[in-house]
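The values are calculated or read from the model by the stated rules, or taken from the named source; none is laboratory data. All values derive from a computational prediction rather than experimental measurement. Positions of Cβ are generated from backbone atoms using ideal geometry, with glycine treated the same way; all protein chains shown enter the neighbour counts.
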Amino acid sequence: MAHFTVVVETELPADEAWRRLLDLRAHTRAIPLTTLRGEVLTADGLRAGSRFVARTAVGPVGFDDRMVVDQISPPALESAGTARIRKEGNVVRGQIDLAVVPTGRGSRVEWDQVIRVRPLPAALDPVVALVARLAYGTTIRRLLRG
């Protein structure tokens with residue numbers, strides 16, 4: 001599996017950064033060719049066991065990235081918010097560990113992910129990690145901008 005980490009410092013307070021990152025409706029606007037759907041799509045509604053799907057497609061050709069929230073705990077005044085989201089699709093598998101840490105100047109987002117893209121061979125994991133880090137970094141920054 002490929003592994004990458006994205007760290008972004010923001011002037012947003014931790015609770016606002018958390019809300020923006022986990023407003024899954026905003027992901028549809030921020031990620032090209034992708035639409036998210038699920039019963040709950042807002043940060044305040046997500047719970048352990050929540051399921052959602054990101055459909056990436058061009059016309060009829062695409063794939064579903066099925067995800068489930070394994071653990072979620074929003075940030076408090078001086079403590080980090082954390083979430084673990086498992087990817088269990090046929091094409092994309094892996095795990096996201098998200099932390100939003102309050103800082104003196106706002107907050108720090110730490111997005112740590114392992115990803116397996118089928119049917120790519122493991123030998124391409126370094127390329128997958130590089131491309132994914134760039135794509136996720138762009139998306140995280142876009143979401144934080146609102």
| task | Determine which member of the set G45, G49 is closer than 22 Å to V109 by Cα and free of Cβ contacts under 8 Å to residues at least 24 places away in the same chain. | result | G45
| message | Exactly one condition in (1) closer than 23 Å to A135 by Cα; (2) touching a residue at least 60 places away in the same chain (Cβ under 8 Å); (3) small (G, A, S) is false for G62; which is it? | response | (2)
| message | Suppose we keep only residues that are small (G, A, S) and assigned to a loop (DSSP other than H, G, I, E, B) within region 53-78. Which one would you say is farthest from R141 (Cα to Cα)? | response | G59
| task | Looking at (1) hydroxyl-bearing (S, T, Y); (2) over 13 Å from the mean Cα position of the chain (by Cα); (3) farther than 27 Å from V127 by Cβ, find the lone condition where T56 falls short. | result | (3)
| From the options D70, D65, residue that is under 15 Å from the mean Cα position of the chain (by Cα), surrounded by 18 or more Cβ atoms within 10 Å (Cβ to Cβ) and either under 20 Å from Q113 (Cβ atoms) or not β-branched (V, I, T) (or both) | D65
| field | Single residue of G49, G45, G81 found to be on the phi > 0 side of the Ramachandran plot and modelled with pLDDT of 95 or more | value | G49
| In region 24-52, the residues that are farther than 18 Å from G137 by Cβ, among the aliphatic types (A, V, I, L, M) and surrounded by 14 or more Cβ atoms within 10 Å (Cβ to Cβ) | L24, L36, V40, L41, A43, L46
